[in-house]
Structures are given as structure tokens and as C-alpha cells.
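Derivation of every value follows stated rules applied to the coordinates shown; laboratory data play no part. Since this is a predicted model, take the numbers as computed values, not measurements. Virtual Cβ from ideal backbone geometry, glycine too; neighbours counted across all protein chains shown.
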């Protein structure tokens, strides 16, 4: 069951004023996300995978850890 489905089932059991509050909060979050995207702020999900082609993080994970650790000693 998806999160949206769980929310729907939970909301069916709540009194109408509480459901109205949930809806108000959801609309607030939608507006906030739209405003952040319009202002150019990146969300973390937008930059996921950005290091996969980086030379710094290319190769064996253990070697990368060793190199980064040695860099700080």
C-alpha cells in the first residue's frame, strides 16, 4: 500500500474538521514546493546521482574511502 493510500484510509476514519486540517497542510506543502522550485532552490532529490560520473568518486569504494581519509591526516 502506498503512503497516499495509507493517508486516504486514515483520513476516512477521522472527523471532517481534522481532514480539513490535513488538506490545508497538504496544500501548504504543495505551494511551498512550487515556490522553492520557482525561486531556483534545489531539493535534495533533484541532485541525487550527481556524483556518479565524478573522477573523485570513481573506482573501488574502499580505495575512495582510503584516499579521502588519508587526505585529512
**Prompt:** Does anyone have the angle between helix 3-12 and the longest principal axis of the chain? Alpha-carbon axes, 0 to 90°, nearest 10?
**Reply:** 20 degrees
**Asked** So how far apart, in nm, are the two label points at residue 48 and residue 16 if each is 7 Å from Cα heading toward Cβ?
**Response** 3.9 nm
**Prompt:** So for the pair residue 31, residue 64, with labels modelled 7 Å out along Cα→Cβ, what separation do we get in nm?
**Reply:** 4.1 nm
**Item:** Which label in (i) -0.36, -0.85, -1.51; (ii) -0.73, -0.97, -1.17; (iii) -0.33, -0.76, -1.35 gives the computed log10 I(q)/I(0) by the Debye sum over Cα atoms at q = 0.14, 0.21, 0.28 Å⁻¹
**Value:** (ii)
**Item:** Folded to 0 to 90 degrees: helix 16-38 orientation relative to the chain principal axis, Cα
**Value:** 40 degrees
**Angle between the chain longest axis and helix 61-71 axis [Cα atoms, degrees, rounded to 10]** = 70 degrees
